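Written below as structure tokens is the structure these notes are about.
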Amino acid sequence: MIGSKIISKILSVVTSCVLVGIVTSISLSQEAIQVDPGITSYQKAIGVSGNLSSVGSDTILNLMTLWAEGFKKAYPNVNIQIEGKGSSTAPPALISGTAQLGPMSRAMKPTEIDEFEAKFGYKPTQIKTAIDTIGVYVHKDNPIQGLTMGQVDAIFSKTHRCGNPKEIRTWGDLALTGEWADKPISIYGRNSASGTYGFFKENALCKGDYKDEVKEQPGSAAVVQGVTEDRYGIGYSGIGYVTSGVRAVPLGFENKGFVEANMENAMNGSYPLARFLYVYINKAPDKPLEPLVKEFIKFIMSREGQEVVIKDGYFPLTADLVAKELANLE
């Protein structure tokens, strides 16, 4: 069952990182999320300079840009270049050495890790930077109350591997009436270079195939913009890209009710499309990490860095998770 698989993944993370007892002062509503008070402010280091390059996820492009802006306030002479064409561009950039940072909205595939290890003799280091929920967006005027994961699969895929045998082509197929009843569903998605494309394919389509008519967009914002301008549209994108023109539909499983794409439901495992956002780095196990890369990651993990996460519409890490990720730098 795809639902139990995703929930078990999230709950295993919750258990291992002691997230069940998340700090009580953190409000779990989107409007009042705060950084865990156990996360400390960034302490500037001495002698940090040079050029930093980031190649990878479009989903995290805004986050990387905001983190870079904050980092440059501490180190004005540091030069940072950021490119966001999709998660699949991160591993080759790390392997070739054209980037020191590889932001990804999905975990690296085994084949990508193998290629990296073949080049360097060790695996890339994965850093969790933020928590995201993929929203299934409809136009703000759409009256749909919620979707089951089977319905999501039947809307976006032609293989129906998640168990819903019915073809869903119109909004009437989802029991909408009136002007909506006979309107075809216009589908928006990402291109295959995107980590969001791969995550959605695996977790929402049960590894099935997308319908041919999905309008593939080059970026997360383009998906949301497409749905904003298309009254009968639907699309998927990270929660950080939500706008006033769209609405993230509550999702759920058959006979279990619908849940919102918020932090509480990401943490407790009830929202079926929750994920971490990553930055991968090249860290040799027997050598210290390059100071510029190390300080940038430390900035991400600081209070200022996690405030950026909230500012960009995503959900911050807990102090327990931050401590675990910082340990990966040593």
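Quick look at the values:
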item: Selection count, the stretch 131-143, where residues are open to solvent by less than 10 Å² (accessible area, probe 1.4 Å) and more than 16 Å from the chain's Cα centre (by Cα); result: 2
item: Residue check for L176: part of a loop (DSSP other than H, G, I, E, B), under 24 Å from D141 (Cβ atoms) and open to solvent by less than 40 Å² (accessible area, probe 1.4 Å); result: yes
item: Test: residue in the stretch 292-310 that is in contact (Cβ under 8 Å) with a residue 60 or more places away in the chain, within 30 Å of A154 (Cβ to Cβ) and surrounded by 20 or more Cβ atoms within 10 Å (Cβ to Cβ); result: no
item: Lone qualifier among T59, T40 - being within 27 Å of F120 (Cβ to Cβ) and modelled with pLDDT of 55 or more; result: T59
item: Total residues in the stretch 211-221, condition open to solvent by 40 Å² or more (accessible area, probe 1.4 Å), assigned to a loop (DSSP other than H, G, I, E, B) and under 22 Å from N142 (Cβ atoms); result: 1
item: Residue list for the stretch 131-153, filter: of a type outside the set (K, R) and not in a strand (DSSP E or B); result: D141, N142, P143, I144, Q145, G146, M149, G150, Q151, V152, D153
item: Subset tally (residues that are among the β-branched types (V, I, T), part of a loop (DSSP other than H, G, I, E, B) and crowded, with 18+ Cβ neighbours inside 10 Å) for the stretch 243-287; result: 1
item: Which numbered condition A107 fails, given (1) open to solvent by 30 Å² or more (accessible area, probe 1.4 Å); (2) touching a helix residue (DSSP H, G or I) at 6+ places or on another chain (Cβ under 7 Å); (3) assigned to a loop (DSSP other than H, G, I, E, B); result: (2)
item: In the stretch 289-330, the residues that are part of a loop (DSSP other than H, G, I, E, B) and over 20 Å from the mean Cα position of the chain (by Cα); result: L289, E290, N328, L329, E330
item: Residue in the stretch 43-53 that is more than 19 Å from L317 (Cα to Cα) and crowded, with 21+ Cβ neighbours inside 10 Å present; result: yes
item: Test: residue in the stretch 73-96 that is within 15 Å of A193 (Cβ to Cβ), open to solvent by 60 Å² or more (accessible area, probe 1.4 Å) and assigned to a strand (DSSP E or B); result: yes
item: Residue selected from the stretch 201-210 under the condition touching a Ser or Thr at 6+ places or on another chain (Cβ under 9 Å) and buried (at least 17 other Cβ atoms within 10 Å of the Cβ), by the criterion nearest to E112 (Cα to Cα); result: K201
item: Restricting the stretch 114-130 to residues that are in contact (Cβ under 8 Å) with a residue 12 or more places away in the chain and part of a helix (DSSP H, G or I), the residue that is surrounded by the most Cβ atoms within 10 Å (Cβ to Cβ); result: F116
item: Verdict on A99 being surrounded by fewer than 19 Cβ atoms within 10 Å (Cβ to Cβ), at negative phi, touching a Gly at 6+ places or on another chain (Cβ under 9 Å) and modelled with pLDDT of 95 or more; result: no
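Let's see how each residue does on (1) of a type in the set (F, W, Y); (2) in contact with a helix residue (DSSP H, G or I) (Cβ under 8 Å, 6 or more places away or on another chain); (3) assigned to a strand (DSSP E or B):
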site	(1), (2), (3)
K166	no, yes, no
G172	no, yes, no
G189	no, yes, yes
F199	yes, no, no
C206	no, yes, no
V223	no, yes, no
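The values are calculated or read from the model by the stated rules, or taken from the named source; none is laboratory data. Since the structure is predicted, the reported quantities are computational estimates derived from the model, not experimental observations. Cβ sites come from the backbone with ideal geometry, for glycine too, and all protein chains shown count toward neighbours. Just the protein is used for accessible areas: all its heavy atoms, side chains included, with ligands, DNA and RNA removed. Shrake-Rupley method; radii C 1.70, N 1.55, O 1.52, S 1.80 Å.
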